[in-house]
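Participant: Following this message is one structure expressed as structure tokens.
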Ligand code: ADP
């Protein structure tokens with residue numbers, strides 16, 4: 001099958017979170033199964049763009065409202081990623097340093113989608129599946145179905161994967177002129193609660209919709225930022241498929257970001273070496289259990305309660321543990337987390353910013369990874385931590401519920417709690433400190449979770465079966 005993934009992120013070209021990881025891995029594993037998987041994303045000015053060689057694949061013109069623009073499709077030359085990576089360049093609109101966060105993001109991603117649809121419409125053949133990811137690409141199924149110029153793509157199967165339903169790409173009806181001329185009787189397929197809602201449109205128009213875990217799909221019917229009844233109505237076309245992790249990138253035995261590699265047989269020495277590097281760098285005590293948080297500093301991740309939770313844990317458990325935060329996001333939280341590093345020197349430290357290498361070192365060197373998320377569609381951090389023998393401490397929600405078994409249950413290896421609250425976190429930290437002292441149990445948990453199969457192979461097969469069912 002020929003599968004075209006359309007996305008705003010794809011590791012290592014562009015990543016701000018799990019979406020990038022998934023779109024960087026899924027096509028690779030689909031190619032390994034003998035399918036022809038490609039990815040297309042906007043041409044941002046990232047490091048990867050300048051490191052690689054690119055060839056021009058296609059140049060064309062398209063319209064957005066009354067603006068006619070030229071777009072260029074370039075392709076990565078070496079195919080080192082294990083799939084063909086294409087970028088869309090639209091001068092002045094997409095070629096920027098950041099992925100998101102500009103005032104004209106609506107225009108940027110709408111023009112990107114128009115360019116992709118236009119490009120595909122020029123192919124001499126049709127792809128078997130166009131797989132869209134999140135709201136930035138969710139207007140494509142509508143365009144295939146109802147835009148007059150692209151009617152010949154009607155029968156191309158479209159899939160929408162929802163990595164995060166909180167963001168939906170809302171735009172006012174004044175922007176409907178951006179969408180290539182369409183059958184206005186079908187305006188309802190764009191609309192939700194009085195605005196154009198690209199994510200809702202994708203759910204209505206895609207042939208199938210997937211979410212990145214089973215529990216997340218259930219939760220979306222209860223709470224999905226206004227789309228609850230739509231998920232209920234469309235439940236027949238929705239499927240939960242758990243993400244895997246890219247074992248080529250995330251393997252403590254070969255991880256290129258690590259100096260000290262280890263396997264399940266050398267886990268104690270390996271993790272100790274990595275922990276020593278972190279503790280030396282951040283002034284922490286290597287003898288204490290190291291509890292870390294890695295992620296976007298936003299409400300969904302319950303990052304707002306992290307400062308109070310750490311302060312309260314230090315108050316209740318003394319210097320029984322050390323804490324380290326890596327993240328960026330809310331400026332007030334960033335400031336608070338920086339300030340705490342001065343007040344709690346030797347017990348807590350942080351790195352505010354985005355640092356891929358440090359994140360790998362932390363998965364390898366930490367003893368526990370804290371994820372109190374309010375919403376977690378799948379969550380990759382807990383899976384990386386398991387692969388690196390770091391005990392996940394998670395709130396029972398979404399994908400965290402589907403992947404972590406509490407150490408109190410049969411064969412359990414993690415710590416689960418119910419509420420994104422300071423009390424639940426502090427209590428869980430107490431459990432962590434106790435199990436850390438029970439070396440036999442702790443080492444069993446570490447080794448057991450390293451052996452759990454979290455690879456993509458299984459999930460990729462589920463995607464392929466889904467495509468085939470269409
Ligand atoms: P989300 O996509 O909601 O942010 P996921 O758990 O699915 O959450 O994926 C998060 C990914 O982003 C992981 O690979 C994690 O290591 C990475 N990440 C998040 N914040 C940072 C950061 N500040 N520095 C490095 N990596 C980060």
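Each value in this text was obtained by applying a stated rule to the coordinates, not by laboratory testing. What you see is a predicted model; the values in this text were computed from it and never measured. Cβ coordinates were reconstructed from backbone atoms using ideal geometry, including for glycine residues, and neighbour counts include every protein chain displayed.
Participant: Can you tell me the 0 to 90 degree angle between the C-alpha axis of helix 306-317 and the longest principal axis of the chain, rounded to 10?
Facilitator: Computed tilt is about 20 degrees.
Participant: Using 0.36 nm times the number of residues separating residue 434 and residue 265, minus their current alpha carbon distance, what extension gain do you get?
Facilitator: Contour length minus Cα-Cα distance gives 58.5 nm.
Participant: Please list, short to long, the whole-number percent of alpha-carbon pairs of the stretch 394-470 in consecutive 5 angstrom bins beginning at zero.
Facilitator: Spelled out bin by bin, the stretch 394-470 gives 3, 13, 19, 19, 15, 11, 7, 6, 3, 2, 0 percent.
Participant: May I ask you to derive the FRET efficiency for residue 185 and residue 247 from their Cβ-Cβ distance with R0 = 60 Å, giving the value to the nearest 0.05?
Facilitator: The computed FRET efficiency comes out at 0.80.
Participant: Report the rotationally averaged projected area of the stretch 324-380 based on its alpha-carbon convex hull, in square nanometres.
Facilitator: Spelled out: convex hull of the Cα atoms, projected over all directions, averaged, 4.7 nm².
Participant: So, one more: Taking the DSSP beta bridges in the chain as the whole, what percent of them are antiparallel, to the nearest 5?
Facilitator: So the antiparallel bridges in the chain amount to around 30 percent.
Participant: I would also like to ask the following. Based on Cα coordinates alone, diagonalise the gyration tensor for the stretch 264-450, multiply each eigenvalue by 5, take square roots, and list the semi-axes in whole Å, largest first.
Facilitator: Rounded to whole Å, the semi-axes are 22, 19, 16.
Participant: Let me ask you something else. What ranking of 301, 259 emerges when the number of other C-beta atoms within 10 Å of each C-beta is taken as an exposure proxy, fewest first?
Facilitator: The order, fewest Cβ neighbours first, is 259, 301.
Participant: For the residues 245, 3, what sequence is obtained by ranking on other C-beta atoms within 10 Å, fewest first?
Facilitator: Ranked by crowding around the Cβ, least crowded first: 245, 3.
Participant: Please report the Cα spread of the chain along all three principal axes, rounded to whole Å, starting with the longest.
Facilitator: 67, 45, 41
Participant: Quick one: compute a quarter of the convex hull surface over the Cα atoms of the stretch 54-157 and quote it in nm².
Facilitator: If I average the Cα hull's projected area over directions, I get 7.3 nm².
Participant: Within the stretch 256-287, find all residues whose amide N lies under 14 Å from a label point positioned 7 Å from the Cα of residue 443 along Cα-to-beta-carbon.
Facilitator: Once the point is set 7 Å along Cα→Cβ of residue 443, 264-272 turn out to lie under 14 Å by backbone N, inside the stretch 256-287.
Participant: Ok, one more. What is the gain in length, in nm to one decimal, between residue 276 and residue 45 on full extension, counting 0.36 nm per residue of separation less the C-alpha to C-alpha distance?
Facilitator: My answer for the length gained is 79.6 nm.
Participant: Please report the relative contact order for the stretch 264-450, taking Cα pairs under 8 Å with a sequence separation of at least 6, and give it as a percent rounded to a whole number.
Facilitator: This gives 23 percent for the stretch 264-450.
Participant: Which value at 222 nm does the chain reach when only helices count, each DSSP H run of 4 or more adding -39,500 (n - 2.57), with the total divided by all residues and rounded to the nearest 500 deg cm²/dmol?
Facilitator: One gets -11000 deg cm²/dmol as the mean residue ellipticity at 222 nm.
Participant: Let me ask something else about it. In angstroms, what radius of gyration and Dmax does the stretch 248-353 have, counting Cα atoms only?
Facilitator: 14.8, 43
Participant: Next question, about the same structure. Which value in nm describes the separation of the simple spin-label points at residue 468 and residue 52, placed 7 Å from the Cα toward the beta carbon?
Facilitator: Here the modelled spin labels are 3.0 nm apart.
Participant: Kindly list the residues of the stretch 305-329 that lie in the label zone of residue 338, defined by a backbone N under 12 Å from the point 7 Å along the Cα-to-C-beta vector.
Facilitator: 329
Participant: Could you work out how far apart the two model spin labels at residue 457 and residue 1 are, taking each label as a point 7 Å from the Cα in the direction of the beta carbon, and quote it in nm?
Facilitator: Roughly 2.0 nm, to one decimal.
Participant: Relative to the longest principal axis of the C-alpha atoms of the chain, give the angle of the C-alpha long axis of helix 422-437, reported between 0 and 90° and rounded to the nearest 10°.
Facilitator: 60 degrees
Participant: Ok, one more. Could you line up 444, 67 from fewest to most neighbouring Cβ atoms inside 10 Å?
Facilitator: The order, fewest Cβ neighbours first, is 67, 444.
Participant: I want to make sure I understand the PRE zone here: with the label point 7 angstrom from the Cα of residue 77 toward its beta carbon, which residues in the stretch 29-51 have backbone N atoms less than 16 Å away?
Facilitator: Residues passing the 16 Å test: 48-51.
Participant: Return one number: the angle in degrees, 0 to 90 and rounded to the nearest 10, between the long axis of the Cα atoms of helix 356-365 and the longest principal axis of the Cα atoms of the chain.
Facilitator: It works out to around 40 degrees.
Participant: Could I ask something else about it? Can you tell me the Rg and Dmax of the stretch 1-111, counting just the alpha carbons, in angstroms?
Facilitator: Calculated on Cα positions, Rg and Dmax stand at 13.9, 44 Å.
Participant: Multiply the residue separation of residue 286 and residue 427 by 0.36 nm, subtract the distance between their alpha-carbon atoms, and state the gained length in nm to one decimal.
Facilitator: Taking 0.36 nm per residue and subtracting the Cα distance, the gain is 48.5 nm.
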